[in-house]
Amino acid sequence: MKSVRVILTPEAANEYNSLLSKAPESKQEEIILNAFLQKVELLKENIHYGQPIAKKLSLTVK
């Protein structure tokens, strides 16, 4: 299995952290978080899943 790195925009990272904190108390946030984590697992299993993005168009967040 090839190593996969998921890079989130600052806004997406904030929402991800929010989902992590709210998921234990809210069923809706838990469902959204699980759907996101499922997509990450799909990318790990098959790196060609989804639409490819040219390297010059990809966003790198430090």
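The values are calculated or read from the model by the stated rules, or taken from the named source; none is laboratory data. It should be emphasised that the depicted structure is a prediction, and the values quoted were computed from it without experimental measurement. We place every Cβ from the backbone using ideal geometry, glycine too, and count neighbours over all the protein chains shown.
Computed quantities for the displayed model
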read-out: Residue count for the range 1-19, restricted to those that are surrounded by 11 or more Cβ atoms within 10 Å (Cβ to Cβ) and farther than 19 Å from residue 43 by Cβ; value: 3
read-out: Any hit, the range 36-43, residues being at pLDDT below 85, surrounded by 12 or more Cβ atoms within 10 Å (Cβ to Cβ) and of a type outside the set (Asp, Glu); value: yes
read-out: Residues of the range 31-54 that turn out to be under 15 Å from residue 7 (Cβ atoms) and assigned to a helix (DSSP H, G or I), as a count; value: 5
read-out: The range 3-30, residues that are within 14 Å of the chain's Cα centre (by Cα) and in a loop (DSSP other than H, G, I, E, B); value: 4, 5, 6, 7, 8, 9
